[in-house]
Amino acid sequence: MIRRQAESAIDGGFAVAMLGARMHYAVPLELFRRGRLRLLFTDFFLPWRWSLWGTRALRHSPVSVVPRMVSRSAPLPLDRVRANYWLGLRYWWALRRVRSDEEHIAAYVAYAEKFLHWASRGWSGEGQGVYVFNTAGLELLEMAARSGKVGVLEQTSASHEVEVTLIQQAAARYPGWGTPPAIGPERAAYMAREREEWQRASCIVCPSGFVKRSLTECGVPEDKLATVPYGVTVGAPRGVGLARRRRRPPRALFVGHVSLRKGAPLLYEAARRLKGAPVEFRAVGRLAVTEYGQRRLADFVDLIGPVARPRVWDEYLAADLFVFPSFCEGSATVVYEALAAGLPVVTTRNAGSVVRDGVDGFVVEAGDEGLFVERIREIAENDELREWMAGNALARALEFTQERYGDRLIAALSRCTGDRCS
């Protein structure tokens, strides 16, 4: 199947440059399936069969990076992939040594530039153009512009300028939970790089309306932007979990870094205020708040810490509703996964989700503690509402599968290559 697809691939497709394996190589994989992938440039990539074997054999490895490394693969023919393993290992080691946000940004930009310099030597301007990701695509976008080719930029999150502002506001509102980001020389250069990419790109793909608005607030013309929500395909039975809804007390689940940006103080407030209500709170993910925040959360929330991907899915299936009070996202994958697990979701507009307010759950303004708490209470205490929303969530997830994501992506690229992107 893969060989036949490779043989039918259009030579005029896109060269994709990815530092990392975002969304499990969703973009190059969907382009390839539709005959639109010319080459994938990345830092680390294993043959698909090796990855399947390695994932099974090493999933219990005590070295956490090993399962992640062996999962860096996708069902793509190797003649379409160019990987710079040495650069990938050096980049991983550089990130292991950073001690601050500024150092992290500096390391990221340095290796993004190295990666793009290498990729630009491998792409000679053939095909329709390039597809790159924010803050790791400037040099290829410039090369595409000089060659008269299309340069597509995916803005995976809100503009960094907007993100910093939102986190600074959250830090001021919730002192002690995290250090507000400062705009030093490294971060300023990072923001400048992001703005240059917006100018050079022919079209910018945004995963949500929230991301799109963050760019228009920074002066990006709206007719340059396309909104393409993500897709997640999970193999659970459609009816799973509906019978569990009568369990007492219902469980409210959070998945992700437990951090200031993702709304940890609101998670704490909800669990504290609803202590006497029929609902329990559970958080899965790395703790990224101060000791002050960790102590408060531990009093009211079951903090599980990071777990392997198969166990995360088990957590979804054992929950009754999903809570995600983030201050700033692109379009949070965990919300798509929660919908696919049949969980009503209470989240914020800034999470960039596809949740329909009052249908699959509730959507509130970021930082609105009172309404966030009341919406959780409403779902937890009303069995019929919870079951109705659970069914709606499953139906909604079917609109955002991986295949439908690919269809939306190709439609956006077709508009872009036709000199019209909206």
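A short reminder: the numbers here are calculations on the coordinates, not readings from a lab. Owing to the predicted nature of the structure, the values given are computational and were not obtained by experimental measurement. Cβ placement follows ideal geometry from the backbone for every residue including glycine, while neighbour counts extend to all protein chains displayed.
Could you state the per residue volume, in Å³, of the convex hull enclosing the Cα atoms of the chain? Provide the component values of the computation, followed by the final result.
Details: hull volume 58.6 nm³, N = 422.
Given the Cα convex hull of the chain, per-residue volume reads 139 Å³.
Choose one answer from N84, N382, N134: the residue with the largest mean-square fluctuation in a GNM of the chain with alpha-carbon springs under 10 Å.
The residue with the greatest mean-square fluctuation here is N382.
Long-range amide H contacts for V81: which residues qualify at under 5 Å (H placed 1.01 Å from N, peptide plane, sequence gap of 5 or more or a different chain)?
Placed amide hydrogens put L40 under 5 Å from V81.
Could you work out how far helix 185-200 tilts from the main Cα principal axis of the chain, as a 0 to 90 degree angle to the nearest 10?
Helix 185-200 sits at roughly 60 degrees to that axis.
Given an 8 Å cut-off on Cα distances and at least 6 residues of separation, report the relative contact order of segment 134-215 as a percent. Show your work: numbers first, answer last.
On the way: 85 pairs, mean separation 41.1, N = 82.
Taking the mean separation of contacting Cα pairs over the length of segment 134-215, I get 50 percent.
Fewest Cβ neighbours within 10 Å first, please rank S157, S124, S214 accordingly.
Working: S157 20, S124 10, S214 26.
So the residues, fewest neighbours to most, are S124, S157, S214.
Identify, among G35, S326, L339, the residue whose Cα sits farthest towards the positive end of the charge dipole of the chain, taking +1 on the Cβ of Lys and Arg and -1 on the Cβ of Asp and Glu, with the dipole about the Cα centre.
My answer, from the dipole projection, is G35.
Give the long-range amide H neighbours of V346: residues separated by 5 or more places, or on another chain, with amide H under 5 Å away, using H modelled in the peptide plane at 1.01 Å from N.
When sequence neighbours closer than 5 places are left aside, the close amide H contacts are F322, V323, F324, F362.
Going by how many other beta carbons lie within 10 Å of each one, how would you line up L87, L394, L371, fewest first?
Starting with the residue having the fewest Cβ neighbours, the order is L371, L87, L394.
Any chance you could list the semi-axes, whole Å, largest first, of the equivalent ellipsoid that the Cα gyration tensor gives for segment 145-300, using √(5λ)?
Values: eigenvalues 266, 114, 27 Å².
Square roots of five times the eigenvalues give 36, 24, 12 Å.
Relative to the Cα centre, what is the charge dipole magnitude of the chain, using +1 at the beta carbon of each Lys and Arg, -1 at the beta carbon of each Asp and Glu, and rounding to the nearest 20 debye?
Values: 58 positive and 47 negative charges, 261 e Å.
That gives the chain a dipole magnitude of about 1260 debye.
If I build a Gaussian network model for the chain, linking alpha-carbon pairs within less than 10 angstrom, which residue out of G125, G35, G176 has the largest mean-square fluctuation?
With Cα springs under 10 Å in the chain, the top fluctuation among G125, G35, G176 is at G176.
If the viscosity is 1.002 mPa s and the temperature 20 °C, what translational diffusion coefficient in µm²/s does Stokes-Einstein give for segment 242-400 when Rh comes from Kirkwood over Cα pairs?
On the way: Rh = 15.1 Å.
The calculation lands on 142 µm²/s.
In segment 110-174, which GluC sites (Glu not before Pro) are in a loop and have at most 16 other Cβ atoms within 10 Å, using DSSP for the loop call? Walk me through the intermediate numbers first.
On the way: sites: E113, E126, E139, E142, E154, E161, E163; in loops: E126.
Those satisfying the criteria are E126.
Taking the highest mean first, how do the peptides 282-288, 167-173 order by number of other beta carbon atoms within 10 angstrom per residue? Provide the component values of the computation, followed by the final result.
Numbers: 282-288: 18.4, 167-173: 15.7.
Going by the mean number of other Cβ atoms within 10 Å, highest first, we get 282-288, 167-173.
I need the phi-derived Karplus couplings for segment 85-92: 6.51 cos²θ - 1.76 cosθ + 1.60, θ = phi - 60°, integer Hz, Gly and Pro marked x.
5, 4, 5, x, 5, 5, 5, 4
For the chain, what's the relative contact order in percent, using C-alpha pairs closer than 8 Å and at least 6 residues apart?
Details: 790 pairs, mean separation 58.2, N = 422.
Reported relative contact order: 14 percent.
Tell me, D79, D302, D43 in order of fewest to most beta-carbon neighbours within 10 Å? Before the final figure, lay out each step's value.
Working: D79 8, D302 14, D43 25.
Listed from fewest to most nearby Cβ atoms, that is D79, D302, D43.
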